[in-house]
Amino acid sequence: MSDDHEDVPSDIDGGRAASGREDKESASRTSSPLLTDEQLAAVSDLSSSAKKPEKGRFARFRDLHGRQKADYFRQEFMWPLIGIVIAIAMVISITTSIVSSKSKKTGLQIVSFDTVMTPAQADRLATRLNQKGTKEKICADPIRFTASYELTGQASIKLRLDASAGSVDVVIATASAMKKIAGQGYLAPITSYAPKPAQKTAVSYRGMYYGTDSGKHNKPGKGPSKPYALPLSHSANSSVRALRSKDGQQLQIGVFVKPAHPTAVKNLIRLADIR
């Protein structure tokens, strides 16, 4: 019995020794570095750079001086600012035009283009029309004639807005311009405003093809062909028949969709005496 009792502590001491060796090995493993000094430095750099976000364009601009600042401004800010200024100017111009056209009581508004006649020619024609219009009682207010429109650029946008707002009534243009205006969907069928003798001479053009409600599939000049204009060369009035564009082309007359003065439009076309 005494011998067996003495063997037990021996086994316990052996287990404790083995456990001690394992603890030392574990401690030695945990105390040894997992990364080298270079790797630790790289990790530190990455963490510090992540904490400091990249400077924005305005912050970089403030840090620059002299010519560098001017070059950076031209490269990063100049063209966007120019675009913003142009957009604001267009909005102001178009808005002012619409507001003024609605606020003023205007007479029959006839549109022409700079390629057809000069503003001075337009004024002389308006004077003659007003003299005849007073006798024929075309319109209670003076007939207004403008030749400042174009078919491209900002003037084209203005024409579209004026037509949709009902600020213009009649257009006088060459055949090529009239085809483009009709193709954009600006014109009403001339048969709604012309007397029957004039309807026989009407010129047809293809209007706007309207697709979806969003307008994404609208196709200018792909719609049905309708009589949109009358040739002034068929007028019995010699002064009307003699009207030509600046390059000698014959002219036509058309009516915008939903004119503000429909009765005056009919009277004007009747005065033109197209047969």
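The values are calculated or read from the model by the stated rules, or taken from the named source; none is laboratory data. These numbers come from a predicted model, not from an experiment. Because the Cβ atoms are built from the backbone with ideal geometry, glycine has one as well, and the counts that use them run over all protein chains shown.
Numbers at a glance
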quantity	calculated
Given (1) at pLDDT 90 or above; (2) not in a helix (DSSP H, G or I), number of the condition Ala260 does not satisfy	(1)
Filter result (touching a strand residue (DSSP E or B) at 6+ places or on another chain (Cβ under 9 Å) and either assigned to a helix (DSSP H, G or I) or more than 19 Å from Gln199 (Cα to Cα) (or both)) within the range 243-257	Leu243, Arg244, Ser245, Asp247, Gln249
Among the candidates Lys179, Lys226, residue that is of a type in the set (Lys, Arg), outside the structural domain of Val91 (by TED's automatic domain parsing), in a strand (DSSP E or B) and at pLDDT 85 or above	Lys226
Checklist (1) at pLDDT 75 or above; (2) surrounded by fewer than 16 Cβ atoms within 10 Å (Cβ to Cβ); (3) farther than 18 Å from Lys266 by Cα; (4) of a type in the set (Ser, Thr, Tyr) applied to Ser192, failing item	(3)
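A quick yes/no check of all residues on (1) within 23 Å of Leu161 (Cα to Cα); (2) surrounded by fewer than 20 Cβ atoms within 10 Å (Cβ to Cβ); (3) of a type in the set (D, E, K, R):
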{"site": "Pro220", "(1), (2), (3)": "yes, yes, no"}
{"site": "Pro231", "(1), (2), (3)": "no, yes, no"}
{"site": "Ala236", "(1), (2), (3)": "no, yes, no"}
{"site": "Arg241", "(1), (2), (3)": "no, yes, yes"}
{"site": "Gly248", "(1), (2), (3)": "no, yes, no"}
{"site": "Ile253", "(1), (2), (3)": "yes, no, no"}
{"site": "Val257", "(1), (2), (3)": "yes, yes, no"}
